[in-house]
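Below is one structure, written out as structure tokens; comments come after it.
The values are calculated or read from the model by the stated rules, or taken from the named source; none is laboratory data. Predicted model, so just to flag it, every value in this text is computed and none were measured. We place every Cβ from the backbone using ideal geometry, glycine too, and count neighbours over all the protein chains shown.
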Amino acid sequence: MRRMLLGEMVLDHQRLFRGILTLVFMLLVVSNGWYVYSRSLSLSDQYAHRAVAGLRQHFEKISGFIDTIQAEAVRELQWNEPPRDVDGQLSALRAVPGSNYFSLDQLPPPLSHQQIGNLTGLVLPGKPEPSRQREMAVALGLAPMLTAAYRNLDDHGVAWVYYVSRQQFIYLYPFAPAADYHYTLATPNGVFWRMALPEANPAGRRFITPVYIDQAGKGAMLTIGQPIVAGGHFYGALYMDVGVPTLHQLLGSAGEVLGKLYLLNAQNQIVAANTEEALPQENLLRLPVMADYRAGPTAHVKVFAVGDSGMRVLHYLPNEVLALEIAKGTAPGIVAALLLWLALALLNRTWVLNRELRRLSEHDALTGALNHRAFQAVLSQLYQGYHETGEMFALVMVDLDHFKRINDTFGHAVGDEVLKVLVRLARRMLRSQDLVARLGGEEFVLVLPATELRDAMKAAVRLRLQLERLNWAKLGLPDKVTASMGCAVVLASDSKAGAVLKRADDAMYRAKQEGRNRVCVDLQGQPPGVE
């Protein structure tokens, strides 16, 4: 009995010893693996940051030229006298026989198309408008600056520099014969023009178009556009077309990055990558790699902003690529144990990154509120839940009063801060289950699940009063900031989810019409009440 107990004790000690050895072995494996893992990620991040820095400098240099030309264009358009040194060029404009457009295909000596591009436009009936002639003179007066910009930005992939006017003409450099490219009736239908219009871009912000194929045969490119507004009047827009191959080269020159670098625009479209394979110009979340990523954490993902260009660099590092790099730096006998441990770390890390990627796709980049797409999904769920369980919900439309005046008077930076303050205040005052969404501009909607109309009205009133009481002087605003709000709840008669939003929107507009800074409610067909 004694020997058996002793044998059991020896056996227990052996087990303990093996356990300690196993623990030491695992600690060595883990420490070695962690070192290789951290070093690989650190080097990849360094290369990614290098690529982002190169792209940021690339776009900043282009933006610098755009800023200079924009300032000169605005100054000339506000000046009473048109440029005098372009009269010869204006007189050289000729209607193209058998067409509805004119061009500057033939320049008066000693000028050449090395210095001057082409100006084409529609031949309009009647006597030429002086304002149109003057604006064409201004565009031709900008020719030296556009020429200098093109030549200085040649290594930046700038293929075209041009000005498009609302008065149906275009000045284009370098020169392209009108037979190859000229202003047509279809020009205003282009995305580059629609994105510049005040209806789509009331703040006149600089923008970057999705990728497209150049009509003049220079391949895939994107356009950087800047609306030209002088004296409160929209004249047209200044553009620079940037070839996509240059952006590919910038990403590829960052070094041997583990995984892939994707350059994304504001529409989540892949613009360029550090890969030789052809890229589908699709929404990022529709790509197969992103579909796999949503289904399960399969990659290390980081997103970097490219300055204030609105572009982002996504570093996509599949787990298998990272695991292979780790395996190369560790002893063959411990690879299996190391990969097992790393799988857990990568699972957690990539799950967090996956959640962040989803958050970025569902939230407004400026305020952090839900974006329009995410709001529509939430609204559909609540509407379906109401018909299945009868649970009420309410919507409160919120529109900041005189917000355009704030932007015009104090600048867009102050206006952006006002929007952020509103969202933070709403989140602080609402319940944890309530949501705030931005529909666009200064329009927001509060989503209040399990809420009756009276409670929705009370919540809106509290928010309105608190917004009015804030100390807006910290932002340099002399007056208080107010909002008009409209409340509505779902009704059995609503044939679709959007009906609730429509009634809340109507109530909000009544609040606007009745003097602003108030809350109006939709009383289910009864006369509306006003706070």
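Rundown of residues vs (1) farther than 18 Å from residue 382 by Cα; (2) among the polar types (S, T, N, Q); (3) not in a helix (DSSP H, G or I), yes/no style:
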site: 418; (1), (2), (3): yes, no, no
site: 426; (1), (2), (3): yes, no, no
site: 459; (1), (2), (3): yes, no, no
site: 466; (1), (2), (3): yes, yes, no
site: 473; (1), (2), (3): yes, no, no
site: 521; (1), (2), (3): yes, no, yes
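Quick check on my filter: what residues within region 141-171 are modelled with pLDDT under 95 and among the charged types (D, E, K, R)?
151, 154, 155
Starting from residues that are modelled with pLDDT under 70 and of a type in the set (D, E, K, R), keep the ones in region 293-327 and report whichever is nearest to residue 271 (Cα to Cα).
Taking the candidates together, the pick is 294.
Are there any pairs with C-beta distances below 8 angstrom linking a residue in region 363-390 that is on the phi < 0 side of the Ramachandran plot and outside any helix (DSSP H, G or I) to a residue that is acidic (Asp, Glu) and surrounded by fewer than 18 Cβ atoms within 10 Å (Cβ to Cβ), with the two at least 6 apart or on different chains, and if so which?
Between residues of region 363-390 that are on the phi < 0 side of the Ramachandran plot and outside any helix (DSSP H, G or I) and residues that are acidic (Asp, Glu) and surrounded by fewer than 18 Cβ atoms within 10 Å (Cβ to Cβ), the close pairs are 366/416; 370/362; 371/362.
Filter region 71-90 down to the residues that are of a type in the set (A, V, I, L, M, F, W, C) and within 38 Å of the chain's Cα centre (by Cα), then identify the one that is modelled with the lowest pLDDT.
In this case the residue turns out to be 79.
Could you list, in sequence order, the residues of region 230-250 that are out of contact with any strand residue (DSSP E or B) (no Cβ under 7 Å at 6 or more places or on another chain) and hydrophobic (A, V, I, L, M, F, W, C)?
Scanning region 230-250 gives 230, 250.
Does residue 388 count as of a type in the set (D, E, K, R), under 21 Å from residue 376 (Cα atoms) and assigned by TED's automatic domain parsing to the domain that holds residue 498?
yes
Restricting to region 182-205, give me the number of residues that are β-branched (Val, Ile, Thr) and under 19 Å from residue 118 (Cα atoms).
2
When region 102-114 is examined, which residues are found to be within 15 Å of residue 176 (Cα to Cα) and either of a type outside the set (A, V, I, L, M) or loosely packed, with under 10 Cβ neighbours inside 10 Å (or both)?
The answer is 102, 103, 105, 106, 112, 113, 114.
Kindly provide the set of residues from region 223-261 that are closer than 16 Å to residue 56 by Cβ and in a strand (DSSP E or B), ordered by number.
Answer for region 223-261, where residues must be closer than 16 Å to residue 56 by Cβ and in a strand (DSSP E or B): 224, 242, 261.
So in region 479-512, with the set limited to residues that are in contact (Cβ under 8 Å) with a residue 40 or more places away in the chain and part of a loop (DSSP other than H, G, I, E, B), which one is nearest to residue 379 (Cα to Cα)?
So, considering only residues that are in contact (Cβ under 8 Å) with a residue 40 or more places away in the chain and part of a loop (DSSP other than H, G, I, E, B), the one nearest to residue 379 (Cα to Cα) is 497.
Can you tell me which condition residue 436 does not meet? The list is (1) surrounded by fewer than 21 Cβ atoms within 10 Å (Cβ to Cβ); (2) under 25 Å from residue 368 (Cβ atoms); (3) at pLDDT 95 or above, and all the others hold.
Going through (1) surrounded by fewer than 21 Cβ atoms within 10 Å (Cβ to Cβ); (2) under 25 Å from residue 368 (Cβ atoms); (3) at pLDDT 95 or above one by one, residue 436 breaks only (1).
Taking only region 205-229 into account, find how many residues are closer than 18 Å to residue 69 by Cβ and surrounded by fewer than 16 Cβ atoms within 10 Å (Cβ to Cβ).
1
Enumerate the pairs (first residue in region 405-429 and assigned by TED's automatic domain parsing to the domain that holds residue 458 and within 17 Å of residue 476 (Cβ to Cβ); second residue anywhere and buried (at least 16 other Cβ atoms within 10 Å of the Cβ) and of a type in the set (D, E, K, R)) with beta-carbon separation below 7 Å, excluding pairs fewer than 6 apart on the same chain, so at least 6 apart or on different chains.
Pairs that qualify, where the first residue is assigned by TED's automatic domain parsing to the domain that holds residue 458 and within 17 Å of residue 476 (Cβ to Cβ) and the partner is buried (at least 16 other Cβ atoms within 10 Å of the Cβ) and of a type in the set (D, E, K, R), are 419/442.
Which residue, of 161, 96, is surrounded by 20 or more Cβ atoms within 10 Å (Cβ to Cβ) and either assigned by TED's automatic domain parsing to the domain that holds residue 194 or of a type in the set (Asp, Glu) (or both)?
Answer to the selection: 161.
Output the residues belonging to region 21-68 that are crowded, with 19+ Cβ neighbours inside 10 Å, touching a helix residue (DSSP H, G or I) at 6+ places or on another chain (Cβ under 7 Å) and either among the charged types (D, E, K, R) or at pLDDT 80 or above (or both).
Residues satisfying the conditions are 51, 55, 58, 62, 65.
Only one of 466, 433 is free of Cβ contacts under 8 Å to residues at least 24 places away in the same chain and out of contact with any Cys (no Cβ under 6 Å at 6 or more places or on another chain). Can you tell me which?
Exactly one of 466, 433 is free of Cβ contacts under 8 Å to residues at least 24 places away in the same chain and out of contact with any Cys (no Cβ under 6 Å at 6 or more places or on another chain), namely 433.
Taking residue 120 and the conditions (1) in the same structural domain as residue 234 (by TED's automatic domain parsing); (2) under 30 Å from residue 264 (Cβ atoms), which numbered condition does it fall short on, given that it satisfies the others?
(2)
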